[in-house]
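Just so it is clear, none of the values below were taken in a lab; they were calculated from the coordinates. Quick caveat: nothing in here was measured; it's all calculated off a predicted structure. Here Cβ is always computed from backbone atoms with ideal geometry, including for glycine, and neighbour counts include all displayed protein chains.
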Protein chains: 2
Amino acid sequence: MAMKLYFGPSSPFVRKVRIAAIELGLDKEIELIPTAVVPGKPNTDYAREANPLRRIPALSIEDGEVLYDSTVICEYLDVRAGGGRLIPQDTARRWRVLTNHALAQGMCEAAVLLRYETWLRPEAQRWSVWIDDQWDKIDSGLEWFENHDEALQEPVDLAQITLGALLGYLDFRSPDKDWRQATPKLAAWYATLRERPSLRETEPVNPPT
Amino acid sequence: MAMKLYFGPSSPFVRKVRIAAIELGLDKEIELIPTAVVPGKPNTDYAREANPLRRIPALSIEDGEVLYDSTVICEYLDVRAGGGRLIPQDTARRWRVLTNHALAQGMCEAAVLLRYETWLRPEAQRWSVWIDDQWDKIDSGLEWFENHDEALQEPVDLAQITLGALLGYLDFRSPDKDWRQATPKLAAWYATLRERPSLRETEPVNPPT
């Protein structure tokens, strides 16, 4: 196939790229390469071949170049599909979508830091202040989108895709977190979004152990 | 002034924007607004006014819109200055610079996580595996740039600015880290870069306590 995506089945950052590829009609040109990255267990092959940061996703393209991070890959795919579909090219809307995307992306980062803190880190070394701080960032972001539902209007853009990946990750990793109650407009929007084939085909699952 | 930058004097992400603004000749149009963000001490005013993630920098522009994160702000400033100066607009070079930037940015993120882990977090809750993992990401990135010095050629781009901010932050926060010995080409490049006014005027300092 034309492109190879270094991939894990639970990462919200990988899912964002997969959703983008399906929305853009490019998913059939992308082969998925399962890649394990866990803090403390350095995947040195992956660091050497693809991304020295050992983060997924990375995308290998025809000429052998490897692109990362997820945002760069999504912009690359958007341009490859004609441009301006997920990230507007006219500058007034571009900055708004990219800023909304940075918010959703930061919420994903907080959610992954929470996962590392509450699952990977030994119990005695966990710090409740850090945990509360990450949840506060996520909650503040959810509230922002609830109060700015103009950001949730069609057409689906990169900010919305990333927010969808975040909400799917919350349901996957923190099913007891009752985020829908506090943000009903967001909950209604997500109920519609998740029916799209791009989200249905990419639901997060645990990697094989 | 035309724009306001929510700012802290030690953040490598803020510094990246300040270097970019000086390189683009836009710094005189930007007022700096001192803004404290520390995990566990939520700055709720800032979260409400500017960035729900409570991360700096954010940039308030003429029409009242607030843009973040540092990468979005740098692209905005680049376009405002004519476009294509810090981030190439022709796509072959664009993906290379944006990927190199993502590497330098991820190294900055690792360095800030290290700072939180070894300074903010109570000693009993620190985890050596996490500390080693962040240093490994930084070291792998330094080695990558040492072996790809084509990425360090003129003209100065967003990846180089971000790498400069990272190296300045390492010298500031980890002066005992002898990174120059392992990466002599990078050290020589940085010795030249840091003589630019944009770096000299933005050396990191501790915030007032």
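Summary table
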| quantity | calculated |
| --- | --- |
| Pairwise centroid distance, computed over Cα atoms, of the stretch B:160-208 with the stretch A:65-92, Å | 31 |
| Value at 222 nm in deg cm²/dmol, rounded to 500, when DSSP H runs of n ≥ 4 in chain B each add -39,500 (n - 2.57) | -16000 deg cm²/dmol |
| Exam field: B:GLU195 pseudo-label spacings to other copies (7 Å along Cα-Cβ), nanometres | 6.5 |
| Net charge over other residues, Cβ less than 14 angstrom from the Cβ of A:ILE87 (K, R count +1; D, E count -1) | +1 |
| Copies compared at A:PRO34 - label distances in nm, ascending, label defined 7 Å from Cα in the Cβ direction | 5.4 |
| DSSP beta bridge pairing in chain B, given as percent antiparallel to the nearest 5 | 55 |
| Exam field: A:ASP45 pseudo-label spacings to other copies (7 Å along Cα-Cβ), nanometres | 5.4 |
| Candidates A:ASP176, A:ASP149, A:ASP139: whichever shows maximal mean-square fluctuation once chain A is modelled as a Gaussian network with Cα springs under 10 Å | A:ASP176 |
| For the stretch A:111-209: rounded, prolate or oblate by the Cα gyration tensor [a/c cutoff 1.5] | oblate |
| Rounded if a/c under 1.5, otherwise prolate or oblate - chain B, Cα gyration tensor axes | oblate |
| Label-point separation in nm, A:ALA182 to B:ARG126, each point 7 Å along Cα→Cβ | 3.2 |
| Cross-link pairs beyond the 30 Å C-alpha cut-off, checked among A:LYS16/A:LYS177; A:LYS177/B:LYS137; A:LYS41/B:LYS41; A:LYS16/A:LYS137; B:LYS4/B:LYS177 | A:LYS177/B:LYS137; A:LYS41/B:LYS41; B:LYS4/B:LYS177 |
| Chain A, rotation onto B, residue closest to that axis via Cβ, with its distance in Å | A:GLN125, 2 |
| Simple label model, 7 Å out from Cα along Cβ direction - B:ASP171 to B:ALA2, nm | 3.1 |
| Cα shape, the protein assembly as shown, gyration tensor, a/c 1.5 rule | rounded |
| Calculated FRET efficiency for the pair A:TRP119/A:GLU154, C-beta based, R₀ 30 Å, to 0.05 | 0.25 |
